[in-house]
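The values are calculated or read from the model by the stated rules, or taken from the named source; none is laboratory data. Just so it is clear, the model here is predicted, and its values are computed rather than measured. Glycine gets a Cβ as well: all are built from the backbone with ideal geometry, and neighbour counts include every protein chain shown.
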């Protein structure tokens, strides 16, 4: 149920669309609608550039940057990412996969990026296209009625002074990331019962990278309590993070920096590549229990984008792509509601299907990525009936629309099930351990929440 309407002051600022959040989802939406001549306001609670985790992009992202006219700008700040490497503690040699080997050969690479730089490019581009862009502007409340919505914002000046403003919008887009503003207001946010994980991470200089073309590839290191990411950035730093089961992080009895060092030591092959490396700013971050979803992602005059609706796990670097793709899909729903309201319900249902599809497509792999059976497939990726190409297509983000690899992907899932049944004792033990490890144990001590917008 919506809250009661706000008391409207005599002077209201008006706009067609109010976008909450200035990350990839919100900035993409604002740019798409503003370049059509619509009056769009976008409000970002921080000031760009601001730190953000989630630096690895997918090949499917490239086409979206092309549609925005931003490929050259992203290329200028990015480290080319041609593939992914998997390193297992139970296998002598790593496994390396290239996106060019996917079913669709037209998406061979993506980039690793500093999110502070990427997000600022997208936000400034929204302003260039005509959106009214506000920073250090936090939306405090939204009230809906039959004609639109009234929003109360609070803007913080550099000297700390705060100014309250009321806005009247025909449509509201929630791209607030892990703040999940509307989901919290509606009570529609739910922790994911099938998955829970926490992360600790930092940035390093002096890390041992692969030579040549593979320098920018992401590496996934499995270890006893989850997996690590290894993301080389163009400025010479490398993002290192451990995604762990909550139970492991809650066992911490020492400062976070020391605990992270101990965790890295549990993955000797990663520790070897960090030998002699320096932790930037001597700082380690933690974020916990971040897998969630919503029961609703759209209504008559509002919708949620990206992480404002759902977030699962960063293992396949899907966050930025799903956020931006949701903006392209959501723009159709917004313009239909504003221009052809008789068709709005159908457009909204199409958008809702898109929003459910993305997390579901990745989740099948995410829920199984630490399972020994799935690990064997990634470490020995054969290609019978083009199954390897189908898996690589998913890893590249090529998941929307009718795809010719669907049959091969379905066959792979059957083969996976058969292999799990052949090793029933191992599969049962892995399933039981995962059930214990994903139990929600509450927030972490000293936890820093970083929204993946």
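Summed over region 264-279, residues that are buried (at least 18 other Cβ atoms within 10 Å of the Cβ) and touching a helix residue (DSSP H, G or I) at 6+ places or on another chain (Cβ under 8 Å) total 3. Among the numbered criteria (1) free of Cβ contacts under 8 Å to residues at least 60 places away in the same chain; (2) out of contact with any helix residue (DSSP H, G or I) (no Cβ under 6 Å at 6 or more places or on another chain); (3) farther than 20 Å from residue 55 by Cα, which one does residue 282 miss? It is condition (3) that residue 282 fails.
Would you say residue 142 is in contact with a helix residue (DSSP H, G or I) (Cβ under 7 Å, 6 or more places away or on another chain), over 24 Å from residue 324 (Cα atoms) and surrounded by 17 or more Cβ atoms within 10 Å (Cβ to Cβ)? Considered against the rule, which asks whether it is in contact with a helix residue (DSSP H, G or I) (Cβ under 7 Å, 6 or more places away or on another chain), over 24 Å from residue 324 (Cα atoms) and surrounded by 17 or more Cβ atoms within 10 Å (Cβ to Cβ), residue 142 comes out as no. Does at least one position in region 128-137 carry a residue that is buried (at least 22 other Cβ atoms within 10 Å of the Cβ), farther than 25 Å from residue 53 by Cβ and in contact (Cβ under 8 Å) with a residue 12 or more places away in the chain? Yes, the conditions are met somewhere in region 128-137. Looking only at residues of region 36-93 that are out of contact with any helix residue (DSSP H, G or I) (no Cβ under 7 Å at 6 or more places or on another chain) and more than 28 Å from residue 133 (Cα to Cα), we find that the one that is surrounded by the fewest Cβ atoms within 10 Å (Cβ to Cβ) is 92. When region 144-193 is examined, which residues are found to be within 30 Å of residue 366 (Cβ to Cβ), without any contact (Cβ under 8 Å) to a residue 60 or more places away in the chain and outside any loop (DSSP other than H, G, I, E, B)? Listed by number, the list holds a single entry, 184. Of the residues making up region 146-180, those that are in contact with a helix residue (DSSP H, G or I) (Cβ under 7 Å, 6 or more places away or on another chain) and either surrounded by 22 or more Cβ atoms within 10 Å (Cβ to Cβ) or over 24 Å from residue 310 (Cα atoms) (or both) are 170, 171, 173, 174, 175, 176, 177, 180.
Starting from region 411-425, take each residue that is on the phi < 0 side of the Ramachandran plot and touching a residue at least 12 places away in the same chain (Cβ under 8 Å) and list its partners that are in a helix (DSSP H, G or I) and loosely packed, with under 15 Cβ neighbours inside 10 Å, counting only C-beta distances under 8 angstrom and pairs at least six apart or across chains. Correct list of pairs: 411/385; 413/364.
Selection of region 378-405 for residues being under 24 Å from the mean Cα position of the chain (by Cα) and loosely packed, with under 12 Cβ neighbours inside 10 Å yields 401, 402.
Counting only helices (runs of 4 or more DSSP H) that sit completely within region 273-389, those holding 1 or more residues that are over 30 Å from residue 425 (Cα atoms) correspond to 319-339, 344-366.
Scanning region 194-224 for residues that are in a loop (DSSP other than H, G, I, E, B), in contact with a strand residue (DSSP E or B) (Cβ under 9 Å, 6 or more places away or on another chain) and surrounded by 20 or more Cβ atoms within 10 Å (Cβ to Cβ) turns up 197, 207, 217. When residues in region 1-35 are screened for being surrounded by fewer than 15 Cβ atoms within 10 Å (Cβ to Cβ) and at pLDDT 95 or above, 2 of them pass.
Okay, residues lined up against (1) farther than 17 Å from residue 287 by Cα; (2) out of contact with any helix residue (DSSP H, G or I) (no Cβ under 8 Å at 6 or more places or on another chain):
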| residue | (1), (2) |
| --- | --- |
| 212 | yes, yes |
| 216 | yes, yes |
| 242 | no, no |
| 260 | no, yes |
